[in-house]
Amino acid sequence: MAGRQDWLAGPGGALRGEIRVPGDKSVSHRAIMLAALADGCSRIEGFLEGEDTLATVAIFRRMGVDIGAPSPGERIVRGVGLHGLRAPQEPLDCGNSGTAMRLLAGLLAGQSFDSTLVGDASLSRRPMRRVIEPLARMGARIEAGEGGFPPLTIRGKNDLQSIDFNNEIASAQVKSAVLLAGLYGRGETRVREPRPSRDYTERMLAAFGWPVRFRTGEAALEGGHRLRATEVRVPADFSSAAFFLVAASLVPGSELLLRGVGMNPRRTGLLAALRAMGADIRVEAEGRQGGEPVADLRVRHAPLHGIELDEALVPDMIDEFPALFAAAALARGRTVVRGAAELRVKESDRIAAMASALRALGARVEERPDGAVIEGGRLHGGDVDSLGDHRVAMSLAVAAQLADGEVRIRDCANVATSFPDFAGLAAAAGFGLRPAG
Ligand code: S3P
């Protein structure tokens with residue numbers, strides 16, 4: 001991570017023009033992982049050049065995979081086959097990325113060598129028992145730090161068992177860890193979830209030629225097949241588009257067109273939530289890109305009002321709550337969020353982080369263990385802390401556009417994990433946003 005970086009944000013003017021946000025983070029991680037384990041040479045286009053996904057690239061290079069970067073957003077991966085990774089000589093650094101660490105825990109459990117996964121201060125506080133427990137039931141041997149936190153040491157083991165796993169939480173990371181271990185397992189590995197989580201691992205395994213059966217809330221595969229190199233086209237990340245959807249909805253006079261956004265239904269919950277709040281967002285030029293639905297999103301300013309959020313939407317917008325909280329703080333009336341306790345174990349405790357920052361700007365926010373009650377109103381300028389959480393930082397920059405005075409947002413360098421040029425792109429669209437001196 002770069003040094004500490006503060007932003008000075010808002011107030012801003014109308015947002016106008018066309019934007020293409022960077023590639024999808026979830027898809028970019030998985031594309032590198034599966035391409036590395038495939039037979040043959042894969043090409044990835046639209047890859048996210050962010051710190052999280054670059055950490056995944058660096059990890060596979062350390063395990064002997066040749067990954068070329070002929071141009072920005074392009075990767076050529078010379079796959080080594082399912083059993084071709086080399087033992088790393090040093091701990092593998094996942095940086096800030098929970099996705100990298102949890103998916104790799106599953107994938108490395110099936111290797112013949114030992115490995116250690118480490119992360120930054122935030123990742124070192126994130127719970128790993130949720131992957132260690134099902135993987136241990138498959139026969140994996142994984143040691144964690146005190147309390148089930150990173151670092152993780154994964155003992156090499158080549159004869160994993162398959163499992164039939166009922167996950168208690170809806171988590172694509174846990175599901176994916178089990179499925180990736182299942183590639184190395186004997187028999188059928190099945191994962192069921194209480195509510196469906198994003199299904200990129202399943203879709204991408206199929207694209208790489210691995211037979212996988214999946215439907216809403218359930219996925220199953222058998223070990224013993226091979227992955228075949230392919231071409232992956234990564235759509236623009238809906239979660240990065242989300243900040244612009246909220247900002248353009250809020251700021252009078254705005255009209256923005258967001259190009260080529262990934263529209264996987266397991267990701268677009270915020271669209272439904274914003275529309276329920278009165279947003280004017282049109283879906284145009286719908287198409288498919290590399291098996292994923294994509295569309296252009298045209299968003300125009302519209303007055304927003306508070307809602308009781310439908311709990312069924314929570315997994316489909318799990319990364320968008322900081323942005324939703326910003327929208328709710330500036331909407332007319334009350335917004336109630338329930339059933340979102342997972343927010344407390346993201347890159348930061350996102351309920352506490354957003355509640356305390358929005359309160360510092362004058363909002364009325366009541367925290368609940370699994371959500372919050374937010375009374376919309378006016379915001380003033382002030383000094384707030386993102387706690388090093390990329391999505392909190394960007395959401396506070398959105399809220400600041402409507403504040404009466406300038407907002408200093410502390411500790412924004414981690415925005416580079418998912419959206420390196422957010423500040424530049426946002427300022428070009430009309431945001432009041434610049435790095436603090
Ligand atoms: C992700 C899954 C989600 C999400 C994260 C990316 C993935 O995490 O919050 O940003 O790529 O699988 P959980 O599985 O913990 O819900």
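The values are calculated or read from the model by the stated rules, or taken from the named source; none is laboratory data. None of these values were measured; they are calculated from a predicted model. All Cβ positions, even for glycine, are placed from backbone atoms using ideal geometry, and neighbour counts span all protein chains on display. Remember, those area values only see protein heavy atoms, side chains included, never the ligands or the DNA or RNA. Shrake-Rupley method; radii C 1.70, N 1.55, O 1.52, S 1.80 Å.
Remarks
- Per residue solvent-accessible surface (Å²) - the stretch 6-148, probe of 1.4 Å: 35
- Spatially proximal lysines relative to residue 346 (Cα-Cα < 27 Å; intrachain offsets below 8 disregarded): 25, 175
- Using the Cβ-Cβ distance between residue 310 and residue 161 with R0 = 35 Å, the FRET efficiency computed as 1/(1 + (r/R0)^6) comes to roughly 0.35.
- Within the shell of other residues whose beta carbon sits under 11 angstrom from the beta carbon of residue 238, the net charge comes to -2, with Lys and Arg scored +1 and Asp and Glu -1.
- Accessible area of the stretch 291-437 divided out per residue, in Å², using a probe of 1.4 angstrom: 33
- Sequence-distant aspartates and glutamates (8 or more away, or on other chains) whose Cα lies within less than 12 Å of residue 157: 114
- Cut-off 12 Å, label 7 Å out along Cα→Cβ of residue 288, residues of the stretch 26-66 by amide N: none
- Gaussian network model of the chain, Cα within-10 Å springs - most flexible of 87, 352, 363: 87
- Convex hull volume per residue for the chain, taking Cα atoms only, in Å³: 120
- Annotation: extensible slack from residue 378 through residue 168 equals 71.7 nm (criterion: 0.36 nm per residue apart, minus Cα-Cα distance).
- Apportionment of accessible area to carbon and sulfur, the chain, percent (1.4 Å): 47
- For the stretch 213-249 versus the stretch 167-181, the gap between their alpha-carbon centres in whole angstrom: 14
- The Cβ shell under 9 Å around residue 375 holds other residues with a net charge of +1, Lys and Arg each +1, Asp and Glu each -1.
- 5 angstrom amide H check on residue 404, placed H, neighbours 5+ away: 379, 380, 381
- Principal axis box of the stretch 174-272, alpha-carbon based, largest edge first, Å: 59, 32, 17
- A simple count of charges around residue 334, restricted to other residues whose Cβ falls under 12 Å of its Cβ and scoring Lys, Arg +1 and Asp, Glu -1, yields -1.
- Computed from label points 7 Å out along Cα-Cβ, the spacing between residue 434 and residue 370 is 4.6 nm.
- Added length on full extension, which subtracts the Cα-Cα distance from 0.36 nm per residue, residue 90 to residue 421: 116.1 nm
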